[in-house]
Amino acid sequence: MARSIQSLERAAAVLRLLAGGERRLGLSEIATALDLAKGTAHGLIRTLQQEGFVEQDAATGKYQLGAELLRLGNSYLDVHELRARALVWTDDLARSSGESVYLGVLHQQGVLIVHHVFRPDDSRQVLEVGAMQPLHSTALGKVLASYDPVAHSEAVDGERQAFTERTVTEGRSFEELLELVRARGWAADVEETWNGLASVAAPIYDRRRMPVGAVGITGAVERVCADGELHPRLVAAVRDCARAVSRDLGALRRF
């Protein structure tokens, strides 16, 4: 088992102490509460302050949690708001399409599945919330790579593994694929990641008109496609779902 890093443990203890109190705390109070030498506590607080995690009150000299923690907390809450806003619409999409529905966000050079609605039949299915999907080959990933600059950099600069003979891995061809996604407003994956499966996905925007995730369906090729092309009805249903979630998140502009 890997050893923990003591300085990080102590910094986390400082943040928990400040988060749990109802008032600002002075240096001596923090040092005493955590059984730390005053110099050690001061070094930790100074570093946390430089990173924006702790702020010092100019009048009293005491410390409180900083704005950077609020920003990080809001990022965490954004995912939960996205999922909450999408619940009804993704259920409707599963019913209307007859396929599994996935909601994904960018996470660690891939797509993190934050919500999964089962295909509405009696077949045995496995919940995939928390699973990771590749950026370059899945419909969800290609949507994120097309509209999110960070995801685009990750997909372009990272390794693009060939999962099937249809996976696009060459750099210029991949960029052209992303240009097509942006031009039509949705992405496809027809046996590029999994043989026998096809997907379609569309982007979700927030009130700032920023892409915050993607929603899509996945199903057997013979159900989702006809003559190698995705059924227009399913593409329209996915795009309608993405628009509805975006509106609920405050994206009022047309897209």
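Pick from 198, 251: which is in contact with a Phe, Trp or Tyr (Cβ under 7 Å, 6 or more places away or on another chain) and either at pLDDT below 95 or more than 19 Å from residue 84 (Cβ to Cβ) (or both)? None of the others qualify; the one that does is 251. All conditions in (1) more than 25 Å from residue 84 (Cβ to Cβ); (2) in a loop (DSSP other than H, G, I, E, B) hold for residue 235, with the sole exception of (2).
Considering the stretch 139-166, and only residues there that are open to solvent by 50 Å² or more (accessible area, probe 1.4 Å) and of a type in the set (Gly, Ala, Ser), the residue that is modelled with the lowest pLDDT turns out to be 153. Kindly indicate whether residue 110 is of a type in the set (Gly, Ala, Ser), at positive phi and at pLDDT 90 or above. So residue 110 fails the test.
Scanning the stretch 40-61 for residues that are of a type outside the set (Gly, Ala, Ser), assigned to a loop (DSSP other than H, G, I, E, B) and open to solvent by less than 70 Å² (accessible area, probe 1.4 Å) yields a total of 2.
What about residue 122, is it out of contact with any Cys (no Cβ under 7 Å at 6 or more places or on another chain) and surrounded by fewer than 12 Cβ atoms within 10 Å (Cβ to Cβ)? Break it down into steps so the answer makes sense when it comes.
Working: out of contact with any Cys (no Cβ under 7 Å at 6 or more places or on another chain): yes; surrounded by fewer than 12 Cβ atoms within 10 Å (Cβ to Cβ): yes.
Spelling it out, residue 122 is indeed out of contact with any Cys (no Cβ under 7 Å at 6 or more places or on another chain) and surrounded by fewer than 12 Cβ atoms within 10 Å (Cβ to Cβ).
Taking the criterion of being of a type outside the set (A, V, I, L, M, F, W, C) and touching a helix residue (DSSP H, G or I) at 6+ places or on another chain (Cβ under 8 Å), the residues of the stretch 201-217 that qualify are 203, 205, 206, 211, 213, 216. Among the residues making up the stretch 75-106, those that are in a helix (DSSP H, G or I), under 21 Å from residue 141 (Cβ atoms) and in contact (Cβ under 8 Å) with a residue 12 or more places away in the chain are 78, 79, 82, 83, 86, 89, 90, 93, 94, 97.
Look at the stretch 162-175: where a residue is without any contact (Cβ under 8 Å) to a residue 12 or more places away in the chain and a partner is of a type in the set (A, V, I, L, M, F, W, C) and surrounded by 10 or more Cβ atoms within 10 Å (Cβ to Cβ), sitting 6+ places away or on another chain with Cβ atoms under 9 Å, you get 162/168. Which of the residues spanning the stretch 107-139 are touching a strand residue (DSSP E or B) at 6+ places or on another chain (Cβ under 8 Å), assigned to a loop (DSSP other than H, G, I, E, B), closer than 18 Å to residue 219 by Cβ and among the polar types (S, T, N, Q)? Matches in the stretch 107-139: 125, 137, 138.
Residue 142 meets each of the listed conditions (1) at positive phi; (2) in a helix (DSSP H, G or I) apart from (1).
Filter the stretch 207-222 down to the residues that are in contact with a strand residue (DSSP E or B) (Cβ under 8 Å, 6 or more places away or on another chain) and open to solvent by 10 Å² or more (accessible area, probe 1.4 Å), then identify the one that is farthest from residue 121 (Cα to Cα). Full working, then the answer.
Kept after step one, since they are in contact with a strand residue (DSSP E or B) (Cβ under 8 Å, 6 or more places away or on another chain), are these residues of the stretch 207-222: 211-221.
This time we only want the ones that are open to solvent by 10 Å² or more (accessible area, probe 1.4 Å), so: 211-212, 218, 220-221.
Working: 211: 31, 212: 30, 218: 14, 220: 14, 221: 17 Å.
Going through the qualifying residues, I end up with 211.
Taking the stretch 107-126 as the range and being under 22 Å from residue 143 (Cβ atoms) and over 10 Å from the mean Cα position of the chain (by Cα) as the test, the residues that pass are 109, 115, 116, 117, 118, 119.
If we keep just the residues of the stretch 10-39 that are of a type outside the set (Gly, Ala, Ser), part of a helix (DSSP H, G or I) and loosely packed, with under 13 Cβ neighbours inside 10 Å, which is modelled with the lowest pLDDT? That would be 16. Cβ separations smaller than 6 Å between residues 6+ apart or across chains give the following pairs from the stretch 182-193 residues that are closer than 10 Å to residue 137 by Cβ to residues that are buried (at least 23 other Cβ atoms within 10 Å of the Cβ) and among the hydrophobic types (A, V, I, L, M, F, W, C): 189/139.
The values are calculated or read from the model by the stated rules, or taken from the named source; none is laboratory data. Since we're looking at a predicted model, the values are computed, not measured. No Cβ is skipped: glycine too gets one built from the backbone with ideal geometry, and neighbour counts run over all protein chains shown. Calculation scope for accessible area: heavy atoms of the full protein, side chains included, ligands and nucleic acids excluded. Shrake-Rupley method; radii C 1.70, N 1.55, O 1.52, S 1.80 Å.
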